Structures are given as C-alpha cells and as structure tokens.
Amino acid sequence: MNNRIQYEQLLKNNKDWVSEKLNTDPDYFSRLSKGQNPPFLYIGCSDSRLPIDLFTGADPGRIFIHRNVANQVFLNDMNLLSVLEYAVKVLLVEHIIVCGHYQCGGVEAAYKGTSMNIVENWTMNIRDLSMEHKKELDAIPDMHERLNRLSELNVVRQLRQLCKTSVMHDAFGSGKYPRLHGWVLDISHGLIHELPLPVEEWKEYGLLPDDYE
Ligand code: CO
C-alpha cells in the first residue's frame, strides 16, 4: 500500500467505526463526552503492538494511559508525573499497572548497548539494572529468555520507582491509595503475566504503607 493510501485508510476506518458504533448505540459518543472515570492508570511501552485496551477488552474511558519507550518511571519526568498526579489525585484511580513486554526493543537496546543514541540514553537505568542482576541474567543461556527476564525485572524496578514519587507518598499517607500491579505482556502468545512484587520488602523500606495488601 502506498503511503498516501495507508494514511487515508486511517481516516476512513475512523468514519466506519463511528457509524458502526452509532448503529448499535446512538448515544455512545454523547455519553463518552460527559467525562471520564477510569479505574485504571496504565504505564506501558510505546511499542505499536501493545494497544492495551484491545488486549484487555477495555472500552474507551476505562484506562488512563501513559506510554514511553520501555515503560520507564523517572522521578524528574514531568510528563509521567503530571499523568500520575492527575490519575491519583483527580481521577482517583483504584489500580496502577506498569506493563512491560517480551521482545522489547528498548530493553534490548539497553542491554546490548550497541548504539549511543537517545533511546539508549533514556533506557540507561535498565542497563544499570542488568548489571545489578548480572549473575542471574548470565545464567540464562538463551538471549531471548535473558532479555525477557530483564523486561520483568524492569517492570518491578519501575514500580519501585513509582512508590518513591511524592504523588504516591501523599496517597499512601492519606490512607486512600491505588493498588500497584506489575504486568508483562507476552507478544508471541498475546497473554498477560502478573509479576510477583516484593511487597514485604518495600514495606520494610517504607516504600509502601504497613497496611498495604
Ligand atoms: Co517495548
């Protein structure tokens, strides 16, 4: 398909989708325009293969979304922090999901360090993470498996980062706070795996409140 046609196709698809929606539910968009009340904040990778709404069957209005390369959480990222603040303080989301995925190009770039570009700069924390877990990672002979494990470690690390933000700190202090979840999406099967989180350890370090379940 040439460039122009594939671009025009997007707009055509939009028109088709809208009329299909209106056929089955004439009030759909007037309802949608009244506001949002999503129970979920999702922080995921920018990878084009991961539209989380589709993978989870979530309708528009259910998931508040932030995406960046390799689902990173930086304490000085105003983009992420403003999304987080709005989600936690205004939308009062009940769950925060950090979702990574297997076959993540950002994780691979960080691990292999083959090109000194901006992506590698952005994912430098994953490189540090891989050094911290060198022993465990080196023991996995298959490179795909090794990178997949690093994707999992990355999700848990970003959740730990999230606990350090002032937004979460305030929410934990108030006693009313969202629950945290670590996901990794296996693109080759389409399934989401829930990752265990070291909740007790994080409590010990004061990153989570004692009553967190
Ligand atoms: Co990715």
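Among the listed pairs Lys135/Lys164; Lys89/Lys176; Lys12/Lys34; Lys112/Lys135, which are separated by more than 20 Å between their Cα atoms? In this structure, Lys135/Lys164; Lys12/Lys34 exceed 20 Å between Cα atoms.
Using the reciprocal of the averaged 1/r over all distinct C-alpha pairs, how large is the Kirkwood radius of region 36-204 in Å? Value: 16.4 Å, from the Cα pair sum. Among the trypsin sites (Lys or Arg not before Pro) in region 18-73, those located in a DSSP loop and surrounded by at most 11 other Cβ atoms within 10 Å of their own Cβ are Lys34, Arg49. Here region 36-204 has 54 percent of its accessible surface on carbon and sulfur atoms, given a 1.4 Å probe and all protein chains in place. Using alpha carbon centroids, what distance separates region 1-76 and region 97-156, in Å? Going from one Cα centre to the other spans 27 Å.
The GluC sites (Glu not before Pro) of region 94-188 that meet both conditions, a loop assignment by DSSP and at most 14 other Cβ atoms within 10 Å of the site Cβ, are Glu94. Within the full protein context, the accessible area of Val199 is estimated at about 30 Å² for a probe radius of 1.4 Å. Dividing the summed helix terms, -39500 (n - 2.57) for each DSSP H run of n ≥ 4, by the number of residues in the chain produces a 222 nm estimate of -14000 deg cm²/dmol to the nearest 500.
The trypsin sites (Lys or Arg not before Pro) of region 69-165 that DSSP puts in a loop, and whose beta carbon has at most 16 other beta carbons within 10 Å, are Lys164. Of the listed residues Met168, Met143, the order by accessible area with a 1.4 Å probe, largest first, is Met143, Met168. Under a model in which nothing but the beta-carbon of Lys, Arg (+1) and Asp, Glu (-1) is charged, region 148-213 shows a dipole of about 260 debye around its Cα centre. Taking Thr123, Thr165, Thr114 in turn, the Gaussian network model of the chain (Cα-Cα springs below 10 Å) assigns the largest fluctuation to Thr114.
Maximal additional length on extending the Asn121-Gln36 stretch stands at 27.1 nm, based on 0.36 nm per residue less the C-alpha distance.
The values are calculated or read from the model by the stated rules, or taken from the named source; none is laboratory data. As the structure is a prediction and not an experimental result, all values here were calculated from the model. Every residue, glycine as well, gets a Cβ built from its backbone with ideal geometry; the counts of neighbours run over all protein chains shown. Heavy atoms of the whole protein, side chains included, go into the accessibility calculation; ligands, DNA and RNA do not. Shrake-Rupley method; radii C 1.70, N 1.55, O 1.52, S 1.80 Å.
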